[in-house]
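Working notes for the structure below.
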Amino acid sequence: SLSSKTQSSPPTLSIDIDNPASVKRQLAQLFDVSLKTIVPDEEDVVPLVDVCTAKTGSVKFGDYQCNNAMGIWSKLKGKETGFKGPPAIGQAIIKNLPPSEMIDSCSLAGPGFVNVVLSKHWIAQSVQRMLNDGIDTWAPRLPIRRAMVDFSSPNIAKEMHVGHLRSTIIGDTLARMLEFSRVELVTRRNHVGDWGTQFGMLIEYLFEKFPNQEDVSETAIGDLQAFYKASKVRFDDDPEFKLRAQQAVVLLQSGDTRYRKAWQQICDISRAEFDKVYQRLGVQLEEMGESFYNPYIPGVIEKLDKLGLVEDSDGARVIYVEGVNIPIIAVKRDGGYNYFSTDLASLWYRLNKEKLEWIVYVTDIGQQQHFDMLYKAFRRAGWLPRNENAYPKCTHIGFGLVLGNDGKRFRSRSSEVVRLVDLLDEAKRRCKTALLERDTTNDWSEEEIERTSEAIGYGAVKYADLKINRLTNYKFDFDQMLSDKGNTAVYLLYAHARICSIIRKSGKDIEEVKKNGVIVLDHESERLLGLHILQFPEVFEEACSNLLPSVLCDYLYTLAEIFTKKFYSNCQVVGTPEETSRLLLCEATAVVMRKCFYLLGIEPVYKL
Ligand code: ARG
């Protein structure tokens with residue numbers, strides 16, 4: 001009959017975060033006092049506090065629980081302590097809790113779980129304080145000042161595919177999460193693939209197509225991916241062209257003006273295409289492509305060599321790292337550099353020149369080994385601490401594939417590549433059609449329709465990606481993501497708009513209500529909503545510690561559900577004696593929802 005179980009498994013990345021607004025942490029502090037009193041000599045006893053969850057059908061005994069009794073019992077066994085078993089320890093934990101306005105009551109369950117029922121007055125006051133002081137007072141603090149998220153990072157002239165879209169969406173959210181955690185400088189780095197042997201081929205093809213370099217323009221080239229393919233065909237079919245392309249690489253690297261200019265032209269055209277995607281998604285990135293690090297490569301490899309890390313292998317220069325049987329190829333047999341050489345130089349630059357404390361790389365899980373080897377090489381060199389959780393720290397954030405409806409890798413119908421801009425435009429177009437159908441009264445302005453269909457369409461694409469655990473593959477399905485039912489951005493944005501319209505319909509100025517009104521949580525549904533609002537800080541901490549946006553999405557969805565299905569269907573707001581308090585609860589819900597939307601990069605909607 002053990003009904004309470006711990007909710008979340010412990011975070012996989014243990015991270016030192018200061019989070020005073022977290023209910024869990026506030027309770028943990030109280031329990032810490034109690035534990036120090038009853039087992040003063042057990043130094044490694046830390047309070048284990050978690051949310052109580054009730055599986056359907058079972059009773060919930062509290063809001064939170066402290067799970068230390070069993071662990072302490074097994075430590076004390078055999079020692080002379082006077083405790084007769086875990087329940088006695090549980091009782092002692094309760095008895096020695098310092099008095100606190102947070103707690104309404106405590107009880108013992110099962111073999112020694114201490115259940116805590118929070119005081120509804122305290123919940124109400126805490127929510128009210130957040131409303132008055134702003135939700136940013138609920139932000140935690142990470143112990144670092146400079147972080148970087150390396151994300152999006154498409155390759156020039158090659159396909160910017162749905163994998164890059166995932167990286168862009170996830171990376172932007174992670175950067176927002178770090179910013180909310182008061183990291184002073186969060187750099188959003190676009191490590192574009194703007195270097196490499198493909199440029200020789202592209203440049204030679206460009207010269208063939210446009211003997212007059214002045215004629216090169218985006219409109220003249222049209223589709224750069226098609227251009228890439230055509231040049232690849234030339235490269236594979238004509239040995240003479242191939243030779244010229246190889247020489248072109250050398251000329252480009254030696255800084256020949258004409259070749260440099262052609263390279264620049266190709267990069268500019270690609271960049272314009274990437275920017276269309278970023279502009280639609282509202283994502284800001286600072287580009288520092290692979291080419292930037294080229295001059296640093298020889299020096300970094302030399303430093304690694306001096307440390308004894310670099311070996312010869314068949315004329316190539318390689319680095320072995322712990323636990324991996326293939327080496328890093330730092331310099332190819334022909335003396336050239338590769339993707340890895342660049343990452344060696346760029347990580348060195350980021351640690352030494354940019355003085356970053358936490359660098360987060362966001363790519364598909366296919367590159368996990370690449371980053372694992374990179375970090376291991378840096379640990380071997382003593383350039384990163386042996387302890388993976390110490391700063392400066394590097395983390396690879398991998399994600400799964402985007403699949404089409406058929407369960408295969410996402411492709412458009414013609415089995416050609418999918419242009420991301422087209423994909424986003426399609427999402428917007430579908431939303432616009434749906435909006436126009438809803439708007440039977442025609443009270444939406446042209447501009448409102450545009451703005452709202454963008455917010456919902458792009459928001460839906462982002463949310464569909466963020467809500468699933470990033471490591472799993474997911475199906476790209478317009479019908480599913482644009483449905484107004486279930487866990488979708490459309491549902492959430494509408495829920496938010498509905499809250500706003502309740503407040504509007506009351507005819508009250510919410511700022512005035514905030515000044516004089518008091519939140520009261522007498523109804524069970526009011527209390528449930530208040531408590532969920534108050535759990536934002538600890539949920540955010542969990543999302544941030546594991547760099548898992550899906551945790552935030554689950555929270556947001558539950559918030560919308562509690563509001564709609566519990567609070568709003570049980571508690572009438574406008575025209576009741578509780579109106580003031582309930583308007584404040586509506587506002588608090590909307591504020592937390594908007595913070596979640598912001599963190600997820602979604603533009604809120606205020607009108608239905
Ligand atoms: N351009 C790479 C790709 O498209 C991603 C780069 C990720 N960042 C890095 N520093 N390696 O797969």
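Laboratory data are not the source of any read-out in this text; all were calculated from the coordinates shown. Treat the numbers as computed from the prediction; the structure is a model and nothing was measured. Glycine also receives a Cβ, built like all others from the backbone with ideal geometry; neighbour counts cover every protein chain displayed.
With the crude spin-label approximation of a point 7 Å out along Cα→Cβ, what separation in nm comes out for Tyr339 versus Lys485?
Modelled inter-label distance: 4.3 nm.
I need to check one value: relative contact order of the stretch 461-518, counting alpha carbon pairs closer than 8 Å and at least 6 residues apart, in percent.
Relative contact order here is 20 percent.
Measure out, as a whole number of angstrom, how far apart the alpha-carbon centroids of the stretch 544-595 and the stretch 241-298 sit.
With the stretch 544-595 and the stretch 241-298 each reduced to a Cα centre, they are spaced 47 Å.
On a full-extension model of 0.36 nm per residue, what is the gain between Arg182 and Lys355, subtracting their alpha-carbon distance, rounded to one decimal in nm?
So the chain would gain 60.6 nm between Arg182 and Lys355.
For the chain, give the magnitude of the charge dipole about the Cα centre (Cβ charges: +1 Lys/Arg, -1 Asp/Glu; no others), in debye to the nearest 20.
1100
Mark the label point 7 Å from the Cα of Arg258 along Cα→Cβ and return the residues of the stretch 197-222 whose backbone N is within less than 17 Å of it.
Backbone N within reach: 200-216.
For Asn155, enumerate residues with amide H under 5 Å from its amide H, sequence gap 5+ or separate chain, H modeled in the peptide plane.
Gly193
Once you put a point 7 Å from the Cα of Glu43 and another 7 Å from the Cα of Thr472, both along the Cβ direction, what distance in nm separates them?
Calculated label separation equals 4.3 nm.
For Asp439, Asp194, Asp509, what ranking results if the residue with the fewest other Cβ atoms within 10 Å of its Cβ goes first?
Asp509, Asp439, Asp194
Given a Förster radius of 51 Å and the C-beta distance between Asp268 and Thr558 as r, what FRET efficiency does 1/(1 + (r/R0)^6) yield to the nearest 0.05? Could you put the intermediate results ahead of the total?
Working: r = 46 Å, r/R0 = 0.90.
Calculated transfer efficiency: 0.65.
Tilt of helix 23-38 relative to the longest C-alpha principal axis of the chain, in degrees (0 to 90, nearest 10)?
60
Using a simple spin-label model with points 7 Å from Cα along the Cα→Cβ vector, what separation in nm is obtained for Glu240 and Thr440?
Between Glu240 and Thr440, the label points sit 7.2 nm apart.
What list of ³J(HN,Hα) couplings, whole Hz, do you get for the stretch 177-184 from phi and the Karplus terms 6.51, -1.76, 1.60, once you set θ to phi - 60° and write x for glycine and proline?
Per residue, the Karplus-derived 3J(HN,Hα) values read 5, 5, 4, 5, 7, 6, 6, 4 Hz.
Take the Cα of Ser569, step 7 Å along the line toward its Cβ, and report every residue of the stretch 479-506 whose backbone nitrogen sits under 19 Å from that point.
What the label zone holds, given the 19 Å backbone N cut-off, is 484-488, 491-499, 502.
Whole-Hz ³J(HN,Hα) for each residue in the stretch 327-339, computed from phi via Karplus 6.51 cos²θ - 1.76 cosθ + 1.60 with θ = phi - 60°, x for glycine and proline: what do you get?
Ordered by residue, 3J(HN,Hα) equals x, 6, 8, 7, 9, 6, 4, 7, x, x, 9, 9, 3 Hz.
What share of the DSSP beta bridges in the chain is antiparallel, in percent to the nearest 5?
Working: 23 of 44 bridges.
In the chain, approximately 50 percent of DSSP beta bridges are antiparallel ones.
Using the Cα gyration tensor of the stretch 386-460, with a ≥ b ≥ c the square roots of its eigenvalues, what is the shape: rounded (a/c below 1.5), prolate (a/b larger than b/c) or oblate (neither)?
oblate
Give me the mean projected area, in nm² to one decimal, of the convex hull enclosing the Cα positions of the stretch 480-559.
Averaged projected area of the stretch 480-559's Cα convex hull equals 6.9 nm².
For the stretch 234-307, what is the convex hull (Cα atoms) projected area averaged across all directions, in square nanometres?
Average projection, Cα convex hull of the stretch 234-307: 8.0 nm².
Using only alpha carbon pairs under 8 Å that are at least six residues apart, calculate the relative contact order of the stretch 471-608 and give it in whole percent.
38
I need the GluC sites (Glu not before Pro) found in the stretch 285-350, filtered to DSSP loop residues with at most 11 other beta carbons within 10 Å of theirs.
Passing both the DSSP loop test and the Cβ count: Glu322.
FRET efficiency for Glu218 and Asp509, Cβ-Cβ distance as r, R0 = 45 Å, nearest 0.05?
0.35
Going by a ≥ b ≥ c, the root eigenvalues of the Cα gyration tensor, does the stretch 415-540 fall in the rounded group (a/c under 1.5), the prolate group (a/b larger than b/c) or the oblate group? Please report the intermediate quantities before stating the final value.
Details: a/c = 2.89, a/b = 1.46, b/c = 1.98.
Note, shape of the stretch 415-540 comes out oblate.
Scattering from the C-alpha atoms of the stretch 317-412 alone, worked out with Debye: what is log10 I(q)/I(0) at q = 0.11 1/Å?
For the requested q values the scattering log ratios are -0.40.
Can you give me the Cα centroid spacing of the stretch 445-459 and the stretch 469-533 in angstrom?
Cα centroid of the stretch 445-459 versus Cα centroid of the stretch 469-533: 19 Å apart.
Among Gly530, Leu27, Gln279, which residue has its Cα furthest toward the positive end of the charge dipole of the chain, with +1 on Lys/Arg Cβ and -1 on Asp/Glu Cβ?
Comparing the listed Cα positions along the dipole, Leu27 ranks first.
Quick query: amide H of Asp364 versus all other amide H atoms, modeled in the peptide plane; which residues come in under 5 Å with a sequence gap of 5 or more or a different chain?
For Asp364, the qualifying residues are Phe399.
Among DSSP bridges having both ends in the stretch 337-438, what percentage is antiparallel? Round to the nearest 5.
Antiparallel: roughly 10 percent of the beta bridges in the stretch 337-438.
Regarding the chain, what whole-number volume in Å³ per residue does the convex hull of its Cα atoms give?
Values: hull volume 120.3 nm³, N = 608.
Spread over its residues, the Cα hull of the chain gives 198 Å³ apiece.
Separation of the stretch 355-371 and the stretch 180-239 by C-alpha centroid, Å?
24
Using only helices, what value at 222 nm comes out for the chain when you add -39,500 (n - 2.57) per DSSP H run of length 4 or more and divide by the total residues, to the nearest 500 deg cm²/dmol?
-16000 deg cm²/dmol, from helical runs alone.
Apply the Karplus parameterisation 6.51 cos²θ - 1.76 cosθ + 1.60, with θ equal to phi minus 60°, to every residue of the stretch 454-467 and state each ³J(HN,Hα) to the nearest whole Hz, in sequence, with x for glycine and proline.
Result, ordered by residue: 5, 4, 6, x, 5, x, 5, 4, 5, 5, 4, 7, 6, 6 Hz.
Percent relative contact order of the chain, based on C-alpha pairs within less than 8 angstrom and at least six residues apart? All intermediate terms of the calculation are to be shown ahead of the outcome.
Details: 933 pairs, mean separation 91.6, N = 608.
The value is 15 percent.
Have a look at His370, Trp383, Ala427 and report the one farthest towards the positive end of the charge dipole of the stretch 368-440, computed about the Cα centre with Cβ charges (Lys/Arg +1, Asp/Glu -1).
Trp383
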